[in-house]
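Below is one structure; the comments refer to it alone.
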Amino acid sequence: MAIEIQLSEEQLAIAVAEATRRQTMNEKRGLKGRNRAPAKGDAALELHMLGCTGEAAVAAFLGLEHRLFEGDAPVRGDADLPGKVEVKARKKHGYDLLIQLSDVPEKLFVLTTCDRTVDPSRVKLVGWTYGGPVMLKQYIREFVRGRPCYAV
């Protein structure tokens, strides 16, 4: 059963500010969207909003809000939160946890979902797993052509 986190107005504002910062930096750097996702505009910003609210919810649940959004720019192999916690946010309840083939098996992956069209401050912590036990051939799926991943 999922754990529902209700972000406060302040927590949500912090997540929105970080999402906006990330999108602005990505556009300045001319970065492409991951997994054929949009790189610019509202659709790209919405993906950052989803990710940042998921990270904020997990940080609140784990008591790590003081460590939220510590890095200015992503570094390959880093995690979203201390303890090698990687948050994977999805926009619909019932979606799988997706782990990239290149992800680090030692990370703890947490699946969050948030239907931002209904209530952007309500985030569900659906479940978690360490990468190693699920990074198996039997879990590989290809939802985006040319970009296989583990689907749990």
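Does residue 97 meet the test of being farther than 19 Å from residue 19 by Cβ, open to solvent by less than 30 Å² (accessible area, probe 1.4 Å), touching a residue at least 24 places away in the same chain (Cβ under 8 Å) and in contact with a Lys or Arg (Cβ under 6 Å, 6 or more places away or on another chain)? Before you say what the answer is, go through the steps one by one.
On the way: farther than 19 Å from residue 19 by Cβ: yes; open to solvent by less than 30 Å² (accessible area, probe 1.4 Å): yes; touching a residue at least 24 places away in the same chain (Cβ under 8 Å): yes; in contact with a Lys or Arg (Cβ under 6 Å, 6 or more places away or on another chain): yes.
Spelling it out, residue 97 is indeed farther than 19 Å from residue 19 by Cβ, open to solvent by less than 30 Å² (accessible area, probe 1.4 Å), touching a residue at least 24 places away in the same chain (Cβ under 8 Å) and in contact with a Lys or Arg (Cβ under 6 Å, 6 or more places away or on another chain).
Regarding region 140-152, can at least one residue be identified that is acidic (Asp, Glu), out of contact with any Asp or Glu (no Cβ under 7 Å at 6 or more places or on another chain) and assigned to a loop (DSSP other than H, G, I, E, B)? Don't jump to the end; show me each part of the working.
We begin by selecting, within region 140-152, every residue acidic (Asp, Glu); these are 142.
Narrowing further to those that are out of contact with any Asp or Glu (no Cβ under 7 Å at 6 or more places or on another chain): 142.
The next check asks that each one be assigned to a loop (DSSP other than H, G, I, E, B); those that pass are none.
No, the conditions are met nowhere in region 140-152.
Could you go through region 121-128 and let me know if any residue there is under 15 Å from the mean Cα position of the chain (by Cα), surrounded by fewer than 18 Cβ atoms within 10 Å (Cβ to Cβ) and of a type in the set (Phe, Trp, Tyr).
Checked region 121-128: at least one residue is under 15 Å from the mean Cα position of the chain (by Cα), surrounded by fewer than 18 Cβ atoms within 10 Å (Cβ to Cβ) and of a type in the set (Phe, Trp, Tyr).
Among (1) in contact with a His (Cβ under 9 Å, 6 or more places away or on another chain); (2) open to solvent by 30 Å² or more (accessible area, probe 1.4 Å), which single condition is residue 113 missing?
(2)
With the condition kept exactly as written, say whether any residue in region 7-15 is modelled with pLDDT of 95 or more and touching an Asp or Glu at 6+ places or on another chain (Cβ under 8 Å). Quick ask: steps written out before the conclusion?
Just the residues of region 7-15 that are modelled with pLDDT of 95 or more, to begin with: 7-15.
If we keep only those that are touching an Asp or Glu at 6+ places or on another chain (Cβ under 8 Å) too, we end up with 11, 15.
Yes, some residue in region 7-15 is modelled with pLDDT of 95 or more and touching an Asp or Glu at 6+ places or on another chain (Cβ under 8 Å).
Starting from region 64-85, keep only residues that are among the aromatic types (Phe, Trp, Tyr), then list their pairs with residues that are at pLDDT 75 or above whose Cβ atoms are within a distance under 7 Å, requiring at least 6 positions of separation or different chains.
69/18
The values are calculated or read from the model by the stated rules, or taken from the named source; none is laboratory data. No experiment lies behind these values; they were computed from the predicted model shown. All Cβ positions, glycine included, derive from the backbone under ideal geometry; neighbour counts span all protein chains shown. With ligands, DNA and RNA removed, areas are computed over all heavy atoms of the protein, side chains included. Shrake-Rupley method; radii C 1.70, N 1.55, O 1.52, S 1.80 Å.
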